[in-house]
Amino acid sequence: MARILITSAIPYINGIKHLGNLVGSQLPADLYARYMRARGHEVLFLCATDEHGTPAELAAAKTGEPVAEYCARMHGVQAELARGFRLSFDHFGRSSSPQNHRLTQYFAGRLAENGYIEEVTEKQIYSNADKRFLPDRYIEGTCPNCGYDKARGDQCENCTKQLDPTDLIEPRSAISGSTDLEVRETKHLYLRQSLMKDELAAWIDSKTDWPILTTSIARKWLNDGDGLQDRGITRDLDWGIPVKRGEEDWPGMEGKVFYVWFDAPIEYIAAAAEWAEAQGRPDADWRRWWRTDEGAADVRYVQFMGKDNVPFHTLSFPATIMGSRDPWKLVDYIKSFNYLNYDGGQFSTSQGRGVFMDQALAILPSDYWRWWLLSHAPEHSDSEFTWENFQASVNKDLADVLGNFVSRVTKFCRAKFGEVVPEGGSPGDRETELTDELYIRLRAYQAHMEAIEIRKAAGELRAIWVAGNEYLQAAAPWTAIKTEPETAAMQIRFSLNLIRLYAVLSAPFIPDASAALLKALDSGDDWPEDLPAALNRLAPGHAFATPDILFRKITDEEREGWQAQFAGARH
Ligand SMILES: [Zn+2]
């Protein structure tokens with residue numbers, strides 16, 4: 001039994017995520033977690049909301065809520081949607097947690113002790129009325145390029161010109177509207193990533209099993225242009241983790257918080273601490289997942305994320321961990337994803353384009369979406385969601401292949417033998433042949449799941465379903481029962497056991513359908529380590545209940561209706 005730590009990139013707090021976000025991190029991470037648990041491994045699967053930074057403050061200002069209340073409410077919304085999609089997190093944490101405050105301050109202190117933090121004096125705009133330094137986007141004024149009077153200090157929304165706050169004509173505070181602004185000197189902290197460039201490069205080079213997508217992005221950031229740059233890790237904001245050096249105050253950093261990119265990945269560790277607290281466990285229970293000197297030496301740590309998150313996870317967060325010179329666990333494998341596009345364009349949160357998690361669940365149960373998204377995961381290139389493809393895939397794979405097999409077998413059994421596994425007859429060549437085929441396919445399925453080759457795993461699972469259909473068609477128990485009722489009984493007994501096998505193997509992809517089948521069959525979900533034994537698991541005389549229709553077909557009218565409904569922007 002192995003110990004596997006799994007994290008999904010943590011979603012930002014300001015709003016509901018679309019299906020492209022879901023398939024780029026949380027959903028494949030859940031697939032892997034469910035599979036590894038099913039194989040008997042010890043899994044800790046963590047995710048959280050990423051709650052700091054200017055966009056959270058701005059989103060809260062828009063709704064009129066204090067930012068802490070806004071984040072608490074949106075965390076609840078995202079947690080509910082995660083439950084709706086059956087994301088099986090052991091803990092869904094919050095980057096604003098006290099645990100993350102302590103750990104982030106701790107890491108900053110360690111990095112400073114080891115010479116990886118530089119204090120840099122910069123000139124920045126100070127608002128006397130607001131009594132605070134203003135980030136660039138908190139300063140508004142008239143654009144010198146186009147005359148737009150609500151241009152922001154970082155960019156003009158109207159003409160898209162990149163700006164410095166000092167370029168603005170009649171600059172004012174976006175918070176209070178005050179024009180009583182002055183340029184003052186202020187200090188910020190920088191993480192000296194450039195000092196760790198060689199160490200990071202050697203570490204990336206050692207990861208020969210990582211996807212090319214992951215390592216190529218990391219190498220680009222390491223080597224392109226002037227190479228890996230030092231990065232600011234502090235900001236002048238109210239909402240965030242106050243800058244401290246461990247538990248000590250940091251002279252000159254009063255009123256500042258850590259920049260969100262610095263504290264967000266540390267939440268992976270903090271989420272484990274939150275999990276332990278929520279479970280009433282001692283600190284040793286989470287530290288054994290994260291500290292190689294406290295039990296994590298045998299942990300395999302796997303991260304899931306979209307390609308836009310790769311630089312932070314291959315360079316910045318490892319630099320934080322390495323620079324601490326503490327034995328924290330570094331990631332062992334990074335599974336990164338390309339983008340899922342929507343119907344000829346991109347999913348877009350800002351433009352409300354595409355299908356969002358809440359909308360998807362309002363239309364169909366989560367298994368329909370899980371199956372389509374995972375079987376079309378953008379692993380080796382971008383992929384595209386179209387309603388035609390979604391309809392075709394659901395109707396064929398789920399309704400015609402899997403659903404129909406279950407329905408034909410159970411209904412035939414109920415009609416001819418009752419709701420009980422029939423006895424009589426002995427398996428013959430046809431059953432042996434199918435068992436041999438399933439043995440090979442099961443091995444391939446397991447290998448793909450372990451390698452996190454999701455589309456290949458989905459393809460193999462589909463082939464396993466198809467093999468059962470082809471068997472049933474060739475065996476034709478509805479014909480056999482007329483002349484050889486014992487043979488028909490054996491075929492149906494074998495097929496009922498196939499249904500149970502399918503329920504167990506399919507659980508990581510479609511957990512609700514799997515649970516419904518196992519409940520109907522009144523059987524456990526143990527993995528078929530011994531395939532012939534698994535195919536005899538439901539013995540003659542075992543009672544079952546004919547399950548309801550597993551998957552319904554999507555009609556052309558529905559598809560057209562949804563196409564029209566989602567053609568515009570989300571309101
Ligand atoms: Zn402009």
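The values are calculated or read from the model by the stated rules, or taken from the named source; none is laboratory data. This one's a predicted model, so the numbers in the text were calculated from it and none came from an experiment. Glycine gets a Cβ as well: all are built from the backbone with ideal geometry, and neighbour counts include every protein chain shown. Only protein heavy atoms, including side chains, enter the accessible area calculation; ligands, DNA and RNA are left aside. Shrake-Rupley method; radii C 1.70, N 1.55, O 1.52, S 1.80 Å.
Below, the figures for the structure above:
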item	result
Some residue of region 220-237 being closer than 20 Å to residue 96 by Cα, modelled with pLDDT under 90, among the hydrophobic types (A, V, I, L, M, F, W, C) and under 31 Å from the mean Cα position of the chain (by Cα)	yes
Residue satisfying all of: in region 226-241; open to solvent by less than 20 Å² (accessible area, probe 1.4 Å) and without any contact (Cβ under 8 Å) to a residue 60 or more places away in the chain; nearest to residue 134 (Cα to Cα) among these	234
Members of region 145-156 that are open to solvent by 40 Å² or more (accessible area, probe 1.4 Å), out of contact with any Lys or Arg (no Cβ under 6 Å at 6 or more places or on another chain) and either more than 8 Å from the ligand (Cβ to nearest atom) or not in a loop (DSSP other than H, G, I, E, B) (or both)	149, 150, 155
Of all residues in region 185-201 being among the aliphatic types (A, V, I, L, M), open to solvent by less than 40 Å² (accessible area, probe 1.4 Å) and not in a strand (DSSP E or B), the one that is farthest from the ligand (Cβ to nearest atom)	201
Out of 338, 309, sole residue that is in contact with a Pro (Cβ under 7 Å, 6 or more places away or on another chain) and open to solvent by 10 Å² or more (accessible area, probe 1.4 Å)	338
Inter-residue pairs, beta-carbon under 6 Å, first open to solvent by less than 10 Å² (accessible area, probe 1.4 Å) and in region 459-481, second assigned to a helix (DSSP H, G or I) and of a type in the set (Asp, Glu), 6+ apart	467/437
Region 157-184, subset within 12 Å of the ligand (Cβ to nearest atom) and in a loop (DSSP other than H, G, I, E, B), residue most open to solvent (accessible area, probe 1.4 Å)	157
From the options 4, 13, residue that is of a type in the set (Val, Ile, Thr) and either crowded, with 24+ Cβ neighbours inside 10 Å or at pLDDT below 95 (or both)	13
Options 20, 93, 40; residue that is among the small types (Gly, Ala, Ser), in contact (Cβ under 8 Å) with a residue 40 or more places away in the chain and assigned to a loop (DSSP other than H, G, I, E, B)	40
Within region 495-541, tally of residues that are closer than 22 Å to residue 441 by Cα, without any contact (Cβ under 8 Å) to a residue 40 or more places away in the chain and basic (Lys, Arg)	1
Residues of region 43-90 satisfying the condition of being in a loop (DSSP other than H, G, I, E, B), open to solvent by less than 20 Å² (accessible area, probe 1.4 Å) and of a type in the set (Phe, Trp, Tyr)	85
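Each row is one residue, and each column tells you yes or no for (1) over 23 Å from residue 123 (Cα atoms); (2) charged (D, E, K, R).
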{"residue": "170", "(1), (2)": "no, yes"}
{"residue": "186", "(1), (2)": "no, no"}
{"residue": "191", "(1), (2)": "no, no"}
{"residue": "199", "(1), (2)": "yes, yes"}
{"residue": "207", "(1), (2)": "yes, yes"}
{"residue": "214", "(1), (2)": "yes, no"}
